[in-house]
1. What's the extension gain from Ala378 to Arg74 if we count 0.36 nm per residue and subtract their Cα-Cα distance?
2. What is the stretch 134-182's relative contact order, in percent, from Cα pairs under 8 angstrom and six or more apart in sequence?
3. Can you give the relative contact order of the stretch 3-89 as a percent, counting alpha carbon pairs under 8 Å and 6+ residues apart?
4. Rank by packing, highest mean first: peptides 455-462, 27-34, with packing defined as the count of other Cβ atoms within 10 Å averaged across residues.
5. Modelling each spin label as a point 7 Å along the Cα-to-Cβ direction, I'd like the Glu337/Arg18 distance in nm, to one decimal.
6. What helices in the chain pass both tests, a Cα length along the helix axis of 27 Å or more and a mean Kyte hydropathy of 0.0 or higher, using whole DSSP H runs?
7. Subtracting the Cα-Cα distance from 0.36 nm times the residue separation, let me have the gained length for Asp370 to Asp411 in nm, one decimal.
8. Which of Leu91, Leu265 comes first, and how do the rest follow, when ranked by fewest Cβ neighbours within 10 Å?
Amino acid sequence: MSLAYSAQRLERELGPWRSTGAAGTAYRALADRIRLLLLDGRLPSGTRLPAERELASTLSVSRTTVAGAYAALRAGGYLTSMRGSGSVLSLQGATPEPSRGEPATAPTADDDGRPFRWDLTQSAPPAYAGLAAAYRQALEVLPGYMPEAGLDLGGLPELRAAVARHFEERGVPTAPDQVMITLGAQHGLRLVAQHIHLPGGRVLIEQPTYPHAIDTFRSLRARLIAAPVDVHGTDVEAVVGLMRAHRPPLAYLMPDFQNPTGSSLSDEDRARIAIAARGAGTVVIADETTAMLDLDRGPRTPLAAHGENVVSIGSLSKTAWGGVRVGWIRGRRDLLESIRLQRRSIDLGTPILEQLTATVLLRDERTMVDARLAQLRAQRDALLAGLAARFPGWTLPPAPGGLSLWVGLGDLSSSALTLAARAEGITLVPGPRFGLDGAFERFIRVPAVVPVPEIEPALTALAAAVRRVEEGSPSRRRGAASPAAPVV
Ligand SMILES: Cc1ncc(COP(=O)(O)O)c(C=O)c1O
């Protein structure tokens, strides 16, 4: 089954494509942009592109430009055109395109057989050093749970109590029955969002924002309205104004170390937003996935302390490991009860071993978080210093916490840089993936997840990618790392 894109819809996804591929011709820039959207998962494999004439007229370019772009995509194996059924994008047939004479500097695979040396598509750190020991402790007590069926939609009472303590310690009185254990924060987001009737309804988001939140709301056919956020903070006037004007049933915010900008809401702004949300009848999802990664900001009161209409989601993915797949929802009891009823259609609970491991980890959460902070501080500092030294024209964020550096690229195109970086062994996510309709072409998210000894070689490779873009020779030699992989 192919999914047909109208020329208007494709134009929205393309964003400012003409600026990509510096010295390239228009047809090549258009082909590069479509290819990047495909590699990046924003145009799914199977997408049927509009007819050449229709797209040319919408983009105000000649039909030759569109025909040239489609031909280039076909030559790379990214597009199949069949008489009568149009032109369909595909990653199956994509073959590495011949280089344009660049030296083969990039490794084809790292020591683990991964195709790229630096995967900067995910702001997800490796596992906490104490994780294996926590699993061992959990295994010891697991047999005590085996006489039961092991299916529990709410979560183990001891873990719910541990998560409730996590909130209490941060200043939000919480009873264990105000907590539901989930398969990570993404699962929590989906469960809450689908509980609120969204088809055609509005959801207020920050922009830029976490890409899979956009995916979730779009899959629920919500209409997105966005308030701007940058590295210095969220436009709270816009949040409050949009709530008053549109009364969206749902808002999705990251109050602490927003992904990707790293900025946070002040305590005062939290209170303002909670009041406006109450007035508008808006449920606010506070995504706290990165809230514990406070590198040098200082504590703030969780949004949930400001109102009953705030539902918090969080997880152990950034402090312990994404592979644990344990998260939580904290909210009103009645809301959790109805979510529990709906959850049965999706899954039947979180694995017991992982829940027991999470309970062990949360018993000494401070030690785990401190270990993570020490590692992230060192990586952030080295990355910021290295970026400042190599790219004086770029704008670096203050990055007081979280995992992402939202870097302003000056005149450089994020999409072109992403393509060129592949040739140097680095995978990145271009800025537009964090926005709606192609915004943020002048930004790139650089996650501070590269180990310190790897930062210099990674930046050397990035500098080579920048030179490629400036010389107008982004390579087409490399394929996608894994187009279906999450962008977290
Ligand atoms: C802001 C944000 N929300 C949610 C998630 C998903 O987290 P989890 O791995 O707990 O599902 C991520 C993951 O990186 C994230 O950055």
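Each reported figure results from applying straightforward, stated rules to the coordinates on display, with no laboratory input. All values reported here derive from a predicted model rather than from experimental measurement. Neighbour counts are summed over all protein chains in view; Cβ atoms, including those assigned to glycine, are modelled from backbone coordinates with ideal geometry.
1. Gain on extension, Ala378 to Arg74, equals 104.9 nm.
2. Averaging sequence separation for qualifying contacts and normalising by length gives 37 percent for the stretch 134-182.
3. 33 percent
4. Highest to lowest by the protection proxy: 27-34, 455-462.
5. 5.9 nm
6. Flagged H segments are 452-471.
7. Numbers: separation 41, 0.36 × 41 = 14.76 nm, distance 3.80 nm.
Length gained, Asp370 through Asp411: 11.0 nm.
8. Ranked by crowding around the Cβ, least crowded first: Leu91, Leu265.
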